[in-house]
């Protein structure tokens, strides 16, 4: 049976990855430092932790910070980005401030937010919202800017009102870019969530990894690492799935 | 007019600070922040903190730039390498690499090396992925013409692939450079005894809010300066293609 070129490629790829994993496992058995675990060992600890209740508490605490922060930042980013893209006066007022503060690492505001809003969850949620705001704003803004003028003209010609043009022409044509902004922001929300929890928290995956580090529980470090990896991966895929549902008309870029 | 909102924000801040509603420990006036900023630039220790952060960010970024551009171009020119590495990079893209930091501390120690390693890893992703797309989508007519004119593989790489991918390469750099600064500041806030992130946390724990805000301003200035330098370098090297993004 002849094998197609792409199947051969996939076979070779899988082979190389399995070989690397095998080498890692062998190196671990042969004797790596204590803080590097083998792949099978990590899987074993991860599934053991999935059976315990403690891990779900940490995951819940982490998600309770990341998701509201993401939602607030994304909503504000979409609303202001669309507004700045449509209204020129608003654009001229707001955009210099946004683009000037864009390359600034937002996490440096965490100490100040801790002073203002306390060391609890509020300061963490707000800093996550601030970090998530920027990519969504910029993508929504450019999404409006790249709306084909001819579509707007056609709608005008057909007698559409301003609000109809906004709702049925501008927003749909900005949606693909808004989704790429959301995708960046979702990944960012997990990073910032993890950072704030490592800096100061009493629960959550970032706290778990710090706690494990301090008590030299390497198995727990890898459990926390695996959990955040799974969460990040699942969140990204969920968002891509939703985008596929919402943007039925849009061809997915490779 | 363009900077009106920034002026309004600054005025509102100053008015709130002077109203006496909040303690200056929570809400210092801009004047005090400015004084601390001058103090920051006049003391050699604090300049050293800035240098340490800059050095870490730049070391990690430079390593990622070299490795990422090489890997991206190789992936763009070889279908086997692309099918091998692309699932790795796109599959773990959304995973926060920051979670590896505690393990990096054990492997590379608590000094600069673990931070540089994390900066390298975080910067690698955008550079590899964007360079890969640039190198993959090189205009075929150009490649065929070069081959037809008898150019070897090295010449094609140097004269066609790299210039054609250059705008993408710089786009990747521009995404990665702020990331480098972010990662350095985060790791210094989490565990460090020097650097700007540490300086901010230290000022906070001694309730010197004005000093902390001065550090925040310095970090922002460094971020803006790096971005400005990169854009200038890009405009010199990739002079044939205009950057179509918004600047202030």
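Overview of values
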| read-out | value |
| --- | --- |
| Candidates A:131, A:89 - the one that is in a helix (DSSP H, G or I) and over 23 Å from residue B:218 (Cα atoms) | A:89 |
| Check on residue B:211, over 15 Å from the mean Cα position of the chain (by Cα) and either within 19 Å of residue B:50 (Cβ to Cβ) or within 10 Å of chain A (Cβ to nearest Cβ) (or both) | yes |
| Residue check for residue B:157: in contact (Cβ under 8 Å) with a residue 60 or more places away in the chain, part of a helix (DSSP H, G or I) and over 30 Å from residue A:181 (Cβ atoms) | yes |
| Scope the stretch B:76-96; condition facing another protein chain (nearest Cβ under 9 Å) and either in contact (Cβ under 8 Å) with a residue 60 or more places away in the chain or buried (at least 21 other Cβ atoms within 10 Å of the Cβ) (or both); matching residues | B:94, B:95, B:96 |
| Positions within the stretch B:151-203 being at pLDDT below 85 and buried (at least 19 other Cβ atoms within 10 Å of the Cβ), in sequence order | B:192 |
| Close pairs (6 angstrom Cβ cut-off, 6 or more residues apart or separate chains): facing another protein chain (nearest Cβ under 10 Å) in the stretch A:6-20, surrounded by 11 or more Cβ atoms within 10 Å (Cβ to Cβ) and at pLDDT 80 or above anywhere | A:9/B:83; A:13/B:83; A:13/B:84; A:16/B:84 |
| Leading residue by the ranking (nearest to the chain's Cα centre (by Cα)) among those in the stretch A:96-143 that are farther than 27 Å from residue B:54 by Cα, within 12 Å of another protein chain (Cβ to nearest Cβ) and surrounded by fewer than 21 Cβ atoms within 10 Å (Cβ to Cβ) | A:142 |
| Residues located in the stretch A:144-154, provided they are surrounded by fewer than 18 Cβ atoms within 10 Å (Cβ to Cβ) and in a helix (DSSP H, G or I) | A:145, A:149, A:150, A:151, A:152, A:153, A:154 |
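One line per residue, one yes/no per condition, for (1) surrounded by 14 or more Cβ atoms within 10 Å (Cβ to Cβ); (2) free of Cβ contacts under 8 Å to residues at least 60 places away in the same chain:
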{"residue": "B:7", "(1), (2)": "no, yes"}
{"residue": "B:13", "(1), (2)": "yes, yes"}
{"residue": "B:26", "(1), (2)": "no, no"}
{"residue": "B:36", "(1), (2)": "yes, no"}
{"residue": "B:43", "(1), (2)": "no, yes"}
{"residue": "B:54", "(1), (2)": "yes, no"}
{"residue": "B:60", "(1), (2)": "yes, no"}
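The values are calculated or read from the model by the stated rules, or taken from the named source; none is laboratory data. Bear in mind that the values here come from a model prediction, so they are computed numbers and not experimental data. Methodologically, a virtual Cβ is constructed for each residue, glycine included, from the backbone with ideal geometry; neighbour enumeration extends over all protein chains shown.
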